[in-house]
Amino acid sequence: MRNRRLLIVSVLALAVAGLIVFGTESQHPGASTFSELPPPGMPFAPTSTGINSSWFCAGIPATPQRGGDVVVTNPTSVPMRGRITVFSTTRKVVVEEIQVAARDSGSYALEKLSKGDYLAALVELDGGLGLVEQRVRHPNGRAFSPCSNAPSNSWYFADGLTLGAGYDLVVTNPFPDYTNVTVSIITQDGVRTPSKLQNQTIAGRSVLKVDLEQFGLRDEQLVAVEVHSTPERVVVARAQNYYGGLGRNGYSMSLGAPSPDVHWYFVDGEKSQNSSESLTLLNPSDVPATVTVQVYTSVEGSDEFVAVQTVDVGEGAVEKLDIDAIPGIPPGRHTLIVDSGDVPIIAEQVITRGSGGGAVSVVSQGARVSSSRWWVPTPLQEVSVASLVISNLTGAAGTFSVFALGPGGLQPVPGLQNVPLSAADDFVGGFVDLDLTNSGLVGRPLLIESTVSTVVLRRPGRGNNIKGRTSVLAVPEI
């Protein structure tokens, strides 16, 4: 039998206690705790009041039949005021005052506020405790993404392709002054630095669209990207419209990673006859990285299955690991833990379910942290037998509970209180697909609270009567 070795999430900083009061029910979730924040990482839910909070939404397409919403959730007991500043590829700036009722969500269609190939948004909330996400509406399927808590001088994308797919970088400068960006493109043949993408100037409070095909990147099967800016920080997203390349289909609008990390957690893996899955690993450092990938399956694999895979990624290089090709990996669901030792990397998962025009492809970064409290701020528009995935990242069994936000505050969901959550045993188990059918949770923001440290992922539908589901991480309190 293989020895079970779970990675322990590094302590971020000394924690200080915080309290958010959402209601008076005795079964309501306990007090939040939060810590000092590391350098820019994944989006998180603020847990302490302040003068205001700012959210930077990566961008939506605003051409015909395309658009998107900024969704603002107010978990507090008082109305929340704020403003949305919309930036555009046309350089027009629009400011809209907003107010979200107590314990409610508000949705704001950006294409009704401004025009342009792409629109991005800065959302400023008075009081500091709201949560903000964006939702893209596209003929090839909806795409969801939490908005960033801060801009950054660096952004990274491990995966991408231009073979049978469109690829736009969407770069937003939310500050009044001009800034310069430099784009490096890494393929399996080496690094490219198109001259027109070196020190490219972006006007203040505007959006720049970069179509990679216009820079000679046609029919590429693997395209990793690094974007660096100076002097101002920016927000960078990747827009991909897949139409058959490498069997992929669907639309993706993803916020980049503002920094590399040594731990990445993926909880939506699956081995089946009708799916394909891989990991893309980018090493942006100047030293090689040895990356281990731990696979936690729903059932025990065959004797040839090795649950710990090793991938060497050279300095400034990108590599792929074909999860389907791991000998003996059993069919069914699984989760992955990626560890790169002391060399930070970027890791993204690519999973396609179905085939042909019915295929659904999802490309996503893993979680960089675990938490005992995860928010689903954008209300679910439909539910399924696997609406949420909850993964236990500790060596101890625990429980989790689901709460729905409504007029009375956070209310316990009947039948979803103190649900057992096992620990993995010899690389088997430690996660659960949560069935929310007949739960009455459509249209309700959710909080998932656990007694152990977890990662939570949601699997919303694609909209437009398109089959299949996409996936996006919930938003942690850290």
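Summary of computed values
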quantity	calculated
Cut-off 11 Å between beta-carbons: net charge of the residues surrounding Leu212, Lys and Arg +1, Asp and Glu -1	0
Computed magnitude of the charge dipole of the chain (debye, nearest 20; Cβ of K, R +1, Cβ of D, E -1)	1360 debye
Principal axes of the range 167-241: Cα extent on each, largest first, Å	37, 23, 16
For the range 176-310, size of Cβ-based charge dipole, Lys and Arg +1, Asp and Glu -1, in debye	640 debye
Rotationally averaged projected area of the chain (alpha carbon convex hull; nm²)	20.9 nm²
Summed side-chain charge close to Val236 - residues other than Val236 whose Cβ falls under 15 Å, Lys, Arg +1, Asp, Glu -1	-3
Student exercise, the range 154-255 dipole from Lys, Arg, Asp, Glu Cβ charges, in Debye to nearest 20	160 debye
Principal axis box of the range 59-177, alpha-carbon based, largest edge first, Å	50, 34, 28
Dimensionless Rg ratio for the range 263-365, taking C-alpha atoms and the 2.2 N^0.38 Å reference	1.08
Within the range 193-242, trypsin sites (Lys or Arg not before Pro) in DSSP loop having at most 10 other beta-carbon neighbours inside 10 Å	Arg218
Computed over the chain: relative contact order in percent, which uses C-alpha pairs under 8 Å that are six or more apart	16 percent
Summed residue charge, Cβ within 12 Å of Ser254's Cβ, Lys/Arg positive, Asp/Glu negative	-2
At q = 0.11, 0.23 Å⁻¹, base-10 log of I(q)/I(0) for the range 321-448 (Debye sum, equal scatterers on each alpha carbon)	-0.51, -1.52
Cα-Cα separations in the range 134-274 greater than 19 Å, expressed as whole percent	55 percent
Relative contact order of the range 154-255, defined on C-alpha pairs under 8 angstrom at six or more residues apart (%)	43 percent
Hits among lysines - C-alpha to C-alpha of Lys467 under 21 Å, sequence gap 8 or more where chains match	Lys271
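Computed from the coordinates by the stated procedures, all read-outs in this text should not be read as laboratory data. This structure is a prediction, so every number in the text was calculated from the model and none was measured. Positions of Cβ are generated from backbone atoms using ideal geometry, with glycine treated the same way; all protein chains shown enter the neighbour counts.
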